[in-house]
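Peer 1: Supplied in C-alpha cells, the structure appears directly below.
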Amino acid sequence: MSTMTKRFAAIAAAAAIATGGAGAAAWAAGWFDGSGSVTAQTATIQKVVASGSVDGALYPGKSTTFTATVDNKNDYPVSITKITSPVLLVDGQASQTCDLDSAKVSATLPSSPVKVAAKEKKTVDIPVTMGANASEACAGKNLTLTFNLEGAVAQS
C-alpha cells in the first residue's frame, strides 16, 4: 500500500469514527425523557416592631436619641428605610391641644438603612426632636410617638 493510500485510509477511518460517534450520541439522546418539580412553603409576613423610650424629658428645642429595640420575627432579613405616618398620643390618647403639629416632635432613622437579621432583635439609636416652637399645652405630658416602618427584604 502506498503512502498516499495509507494516509487516505487513516483519514477515512478517523472520519468514520467521528461521524459514527456523533451519530451514536444523537441516537442515544432520543431515548431520554425527563422532568422534575419542586415544592416550597413560602414564609409568612410578620410585623417588624420598634419600641423604646427617651431618657429624660423633652422640651422645646431638645434633640436626643431613643434606643429602640427592633424585633424582626420574620424568616428573612429586613432592611428598614423610613419612619412614616407618625401620630402623637398624650397619656395614651389623641389630644386636641398637644398633637404632632403643636409639639413639633419628629423621629428619623439614621442615614443608612437599618438591617435586621432573620429572627433577631437589634438595638438602634433613633434621633428624636421636640420643635423649638412646641406648644405649652404639651408641657408635663406623657407623650407616645407611634409610627410605621417602611422597608423591604434585605439582600444577604
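Peer 1: Go through region 50-80 and count every residue that is closer than 19 Å to K121 by Cβ and in contact (Cβ under 8 Å) with a residue 24 or more places away in the chain. Please lay out each step first, then the result.
Peer 2: Restricting attention to region 50-80, the residues satisfying the condition of being closer than 19 Å to K121 by Cβ are 50-53, 65-80.
Add one more test, that the residue is in contact (Cβ under 8 Å) with a residue 24 or more places away in the chain, and what stays is 50, 52, 65-80.
Matching residues across region 50-80 total 18.
Peer 1: Here's another thing I want to ask about it. Name the single residue, out of those in region 70-129 being among the acidic types (D, E) and not in a loop (DSSP other than H, G, I, E, B), that is nearest to G140 (Cα to Cα).
Peer 2: From region 70-129, those among the acidic types (D, E) are 71, 75, 91, 99, 101, 120, 125; that's our starting set.
Pick out the ones that are also not in a loop (DSSP other than H, G, I, E, B) and you get 71, 101, 120, 125.
Values: D71: 30, D101: 17, E120: 36, D125: 24 Å.
Top of the filtered list is D101.
Peer 1: Out of everything in region 10-50 that is hydroxyl-bearing (S, T, Y) and at pLDDT 85 or above, what residue ends up being nearest to P77 (Cα to Cα)?
Peer 2: First, the residues of region 10-50 that are hydroxyl-bearing (S, T, Y): 19, 35, 37, 39, 42, 44.
Cutting the leftovers down to at pLDDT 85 or above gives us 35, 37, 39, 42, 44.
On the way: S35: 33, S37: 27, T39: 22, T42: 14, T44: 13 Å.
Going through the qualifying residues, I end up with T44.
Peer 1: Going by what's in this entry, would S53 be described as within 14 Å of the chain's Cα centre (by Cα) and of a type in the set (S, T, Y)?
Peer 2: no
Peer 1: Kindly evaluate P86 against the criterion of being surrounded by fewer than 17 Cβ atoms within 10 Å (Cβ to Cβ), touching a residue at least 60 places away in the same chain (Cβ under 8 Å), in contact with a helix residue (DSSP H, G or I) (Cβ under 7 Å, 6 or more places away or on another chain) and not acidic (D, E).
Peer 2: Working: surrounded by fewer than 17 Cβ atoms within 10 Å (Cβ to Cβ): yes; touching a residue at least 60 places away in the same chain (Cβ under 8 Å): yes; in contact with a helix residue (DSSP H, G or I) (Cβ under 7 Å, 6 or more places away or on another chain): yes; not acidic (D, E): yes.
The answer is yes for P86.
Peer 1: While we're on this one: Considering each residue of region 106-142, count those that are among the hydroxyl-bearing types (S, T, Y) and either surrounded by 15 or more Cβ atoms within 10 Å (Cβ to Cβ) or farther than 30 Å from Q46 by Cβ (or both), and give that number. So that I can check it myself, show each step before the final result.
Peer 2: Step one: filter region 106-142 for residues among the hydroxyl-bearing types (S, T, Y), giving 106, 108, 111-112, 123, 129, 135.
Retained after the next criterion (residues that are either surrounded by 15 or more Cβ atoms within 10 Å (Cβ to Cβ) or farther than 30 Å from Q46 by Cβ (or both)): 106, 129, 135.
Going through region 106-142 one residue at a time, the tally reaches 3.
Peer 1: Pick from S102, S106: which is of a type in the set (S, T, N, Q), at pLDDT below 95 and over 27 Å from the mean Cα position of the chain (by Cα)? Don't jump to the end; show me each part of the working.
Peer 2: Details: S106 fails: over 27 Å from the mean Cα position of the chain (by Cα).
Going through S102, S106 in turn, just one is of a type in the set (S, T, N, Q), at pLDDT below 95 and over 27 Å from the mean Cα position of the chain (by Cα): S102.
The values are calculated or read from the model by the stated rules, or taken from the named source; none is laboratory data. Values in this document were obtained by computation on a predicted structure and should not be read as measured data. Cβ: placed from backbone, ideal geometry, glycine included. Neighbour counts: every protein chain shown.
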